[in-house]
Amino acid sequence: MSHQAIATAHPLQPLPPGAFRILQITDSHLYADPHGCLAGINTLQSFQAVLEQARALPAEMILATGDLVHDASPEGYQRVRDAFAALGLPVYCLPGNHDLPAVMSRCLDRDGITSPKLVSHGDWAIFLLDSTIPGEEGGRLAEEELDRLEQGLEQNPGKHALICLHHHPVPVGSAWMDRMALENPERFFGLLQRFPNVRGILWGHIHQTYDATYRDMRLMGSPSTCIQFTPRVDHFAIDNEPPGMRWLELFPDGRIRTGVQRLQRMPLGLDLSSVGY
């Protein structure tokens, strides 16, 4: 597995015909209470600030990769939906361990916001997986989810594939976080290795950037729109990096160009002494 440099600002270069840009928004952790804070940060305000930056990055769609609402409340999802709908882009959602998938779908699925299993766009097939285990922080891909993925890949051999889920399928070097990783990565990667058209895997959950390659597949973890976790430490620790999002440019030849865009400064109130979330 080899790591690659991560861009910190978008170059805004014109894209060639057939290429398109998507934005990943993840781990917003909104609450029923609009004043709800996580480690001192008002998560609604930081979410809105990141989406305001998203307006300046022309894109075809948004991928929302879980933990959208910290308390899985209908009120929290309503705020997520209102904020996404104002962008005027298709938004495709998958659940995280803090979400309740049924509540999430019921509250979000309208106004161009949906929770599909597969999005086909141009030369690409984008798969959205549910890696949640009810009541657990860690993740697992159920056999029916893997079967659905396998069938979708078999039916789209001529398209490049981007696989999206919430939980990280590889260790990120933080013992406390890696205890909440995907429980069955061997089964997952064993399936993907049978399909040479899989170009990338994208996830949330880790509240930090991760960019590596494995067998020609790009592996990408991304920052949260609220608090960030300190990379490569064995205990829970909050980083002082600002909230952000990931952008991805997908090309007709299967290439992925990607980077992270952050707010220019940390929102007020961050409590670096917090011992959990």
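What follows draws every value from the coordinates through simple rules; no lab data is involved. This structure is a prediction, so every number in the text was calculated from the model and none was measured. When we count neighbours, we look across all protein chains shown, and the Cβ atoms used for this are built from the backbone with ideal geometry, even at glycine.
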Problem - Share antiparallel - DSSP beta bridges, segment 20-262, percent rounded to 5 - result: 50
Exercise for the section: Excluding Pro252 itself, calculate the net charge of residues whose Cβ lies under 13 Å from the Cβ of Pro252, where each Lys or Arg counts +1 and each Asp or Glu counts -1. Expected result: +1
Exercise for the section: Could you run the Karplus curve 6.51 cos²θ - 1.76 cosθ + 1.60 with θ = phi - 60° over segment 138-154 and give me ³J(HN,Hα) per residue in whole Hz, x for Gly and Pro? Expected result: x, x, 7, 9, 5, 4, 5, 5, 5, 5, 5, 5, 4, 5, x, 5, 5
Exercise for the section: State to the nearest 20 debye the size of the charge dipole of the chain about its Cα centre, where the only charges are +1 on K and R beta carbons and -1 on D and E beta carbons. Expected result: 780
Fill in the blank from the handout: What the Cα atoms of segment 147-203 span along the principal axes, largest first and in whole Å, is 39, 17, 16
Practice task
May I ask you to order 244-251, 45-52, 147-154 by the average number of other C-beta atoms within 10 Å around their residues, highest value first?
Solution key: 244-251, 45-52, 147-154
Fill in the blank from the handout: One checks the Cα atoms of segment 97-216 and finds Rg and Dmax, in Å, of 14.5, 40
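Against the empirical 2.2 N^0.38 Å scaling, what ratio does the C-alpha Rg of the chain come to?
0.92
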Fill in the blank from the handout: Candidates Tyr214, Tyr92, Tyr77; GNM for the chain (alpha-carbon contacts under 10 Å) flags as most fluctuating Tyr214
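Which of the three applies to segment 218-277, rounded, prolate or oblate, going by the alpha-carbon gyration tensor with a ≥ b ≥ c and a/c under 1.5 meaning rounded?
Working: a/c = 4.14, a/b = 1.97, b/c = 2.10.
Oblate, because a/c is 1.5 or more while a/b does not exceed b/c.
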Handout entry: Folded to 0 to 90 degrees: helix 74-85 orientation relative to the chain principal axis, Cα
Key = 60
